Amino acid sequence: MTDKTHSNEHSKPSISLKKRLLDSLKRHPKRIVFTEGEDERVLEAAARLVKEKAIAPILLGDKARIKVLALKHKIDTKFIHILDPKTASDLPLFCKRLKTIRKYQGKIISDPEELISRPHNFAAMMVQYGQADGIISGNKSHPAVITRALTNFIKPLTHVPKIFGTVAMKASHLDNFGKDGLLLLADCGVNPEPDVADLASIAIETGKLAHHLLGRPPRIAMLSHSTHGSMSTPSAQKMKAATVLARDIIAKEYLEIEIDGEIQTDVALDTAAAEIKLNDTRAHQSVDVLVFPNLDASHIAYKLLQHVAGADCYGQLIMGLTRHAAQIPMTASVDMIVGTAALVACESIKYRQLYPEDEV
């Protein structure tokens, strides 16, 4: 996932987000569990992470099959922990703890071992009870399977209405791609039609993550086909209302986040367009976070940026939970898996600084 360079004088310096994340993890190594370990891409990614001394990878699956796959592709598994949920020593303990999970309280589970030994469920229990720091999933499964496991077994953040997905994208070779060549896009994978409260929460939580990654107050754009009332459609009104609500929460919580909306994408990213359409000095700075009105818009946008414009993609992070996870596509490259694992691990480094102790 190397950052591309461009001869255009406006191009930003090619600073790899992945390298920055991995460098920080060398000081704070984390344990990341991969739910679909019987995959040569995951094995290669795990080997790279071990070589970087940044992450302790845990691969779930049949040990014999994974060992054969590693041998076939000449991948050293010496420092890669391979775990079969069906025979894991923690399986009986996780089965006992199933009774304490809200969704299953008071219910009779006919075969708790079969339920918990499913890789996605087992991984979720691992991070919930401190056996790992984050989850990478999706290289061989559908998003609904991952989302169901996370919502069933991981405690949600009480102040976030719904979980949602955030994608981090890096494109130093593209003009107008955020102030530092980095953009966070949300919600790109979970909620088809988020309402006003959902959108405000998505903006704020993604803004907190941007602050964590960038080390400065981020700017957020609530995207629309309208800019500050140029169109009075229900969708534009929804984004405008979400902006008002988010600003109110930001002010009450004294957060270092700037937000604008509803605004068009060119106004959010292209300072030349913003100068023409807005009489506002803030228009001279590009935004860092793009919040979309619905899932169709966000998903289409990030896939176009990745597959047509060549932007590097990390994630998507599943946010709104007290633990950390990311859902990668079935088409994920080794570089994407490495970068996403690094992003998930870094999200957990300062997590207790983002949220009070009693929320986790």
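None of the figures in this text is laboratory data; all of them are computed from the coordinates on show. Computed from a predicted model, the values in this text were never measured in an experiment. Virtual Cβ from ideal backbone geometry, glycine too; neighbours counted across all protein chains shown.
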Cleavage-rule hits (chymotrypsin sites (Phe, Trp or Tyr not before Pro)) in region 121-228: DSSP loop, at most 15 neighbouring Cβ within 10 angstrom = TYR129
On Cα atoms only, tilt of 234-252 relative to the major axis of the chain in degrees | 80
Among MET330, MET319, MET222, the residue with the largest mean-square fluctuation in a Gaussian network model of the chain built from Cα contacts under 10 Å is MET330
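Mind running the shape call on region 12-112? Use the C-alpha gyration tensor, a ≥ b ≥ c as the square roots of the eigenvalues: rounded below 1.5 for a/c, prolate if a/b tops b/c, oblate otherwise. The partial results should precede the final answer.
Working: a/c = 2.88, a/b = 1.58, b/c = 1.83.
Note, shape of region 12-112 comes out oblate.
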What residues qualify as long-range amide H neighbours of ALA325, i.e. H under 5 Å apart, gap of 5 or more or another chain, H built at 1.01 Å from N?
-> ILE135, ILE318
Quick one: which residues, 5 or more positions from ASN191 or on another chain, have an amide H under 5 Å from its amide H? H modelled 1.01 Å from N in the peptide plane, none for Pro or chain starts.
-> GLY165
GNM of the chain, Cα pairs under 10 angstrom: of ILE250, ILE32, ILE101, the biggest fluctuation goes to ILE101
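Let's see if you can work this out: charge +1 on each Lys and Arg Cβ, -1 on each Asp and Glu Cβ, no other charges. What is the dipole magnitude of the chain about its Cα centre, in debye to the nearest 20? The partial results should precede the final answer.
Numbers: 46 positive and 42 negative charges, 272 e Å.
That gives a dipole near 1300 debye.
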What is the gain in length, in nm to one decimal, between LYS252 and HIS225 on full extension, counting 0.36 nm per residue of separation less the C-alpha to C-alpha distance?
-> 6.8 nm
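Quick one: order VAL196, VAL167 by neighbouring beta-carbon count within 10 Å, fewest to most. Please report the intermediate quantities before stating the final value.
Details: VAL196 17, VAL167 29.
Taking fewest neighbouring Cβ atoms as first place, the list is VAL196, VAL167.
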Folded to 0 to 90 degrees: helix 143-153 orientation relative to the chain principal axis, Cα = 70
Quick calc: nm separation of the 7 Å Cα→Cβ label points for ASN279 and ASP175 -> 2.7
Residue-wise, which Karplus ³J(HN,Hα) couplings in Hz belong to region 91-97, taking 6.51 cos²θ - 1.76 cosθ + 1.60, θ = phi - 60°, and x for glycine or proline?
-> 4, x, 5, 5, 5, 5, 6
Any idea what angle helix 63-72 forms with the longest principal axis of the chain, computed on alpha-carbon atoms, 0 to 90 degrees, nearest 10?
-> 70
Counting only residues 5 or more places away or on other chains, whose amide H sits under 5 Å from the amide H of GLY315 once H atoms are built in the peptide plane?
-> THR340
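Mind checking the dipole of region 157-320: about its Cα centre, +1 per Lys or Arg Cβ, -1 per Asp or Glu Cβ, Debye to the nearest 20?
Numbers: 13 positive and 20 negative charges, 27 e Å.
Dipole about the Cα centre, nearest 20: 140 debye.
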With R₀ set to 22 angstrom, the calculated FRET efficiency between the beta-carbons of ARG118 and VAL68, to the nearest 0.05, is 0.45
Using a Förster distance of 25 angstrom, determine the FRET efficiency expected from the C-beta separation of TYR129 and LYS107, and round it to 0.05.
-> 0.80
Just report the Cα centroid separation between region 107-129 and region 42-74, whole Å.
-> 23
Taking 0.36 nm per residue of separation and subtracting the Cα-Cα distance, what length does fully extending SER333 through SER232 add?
-> 32.2 nm
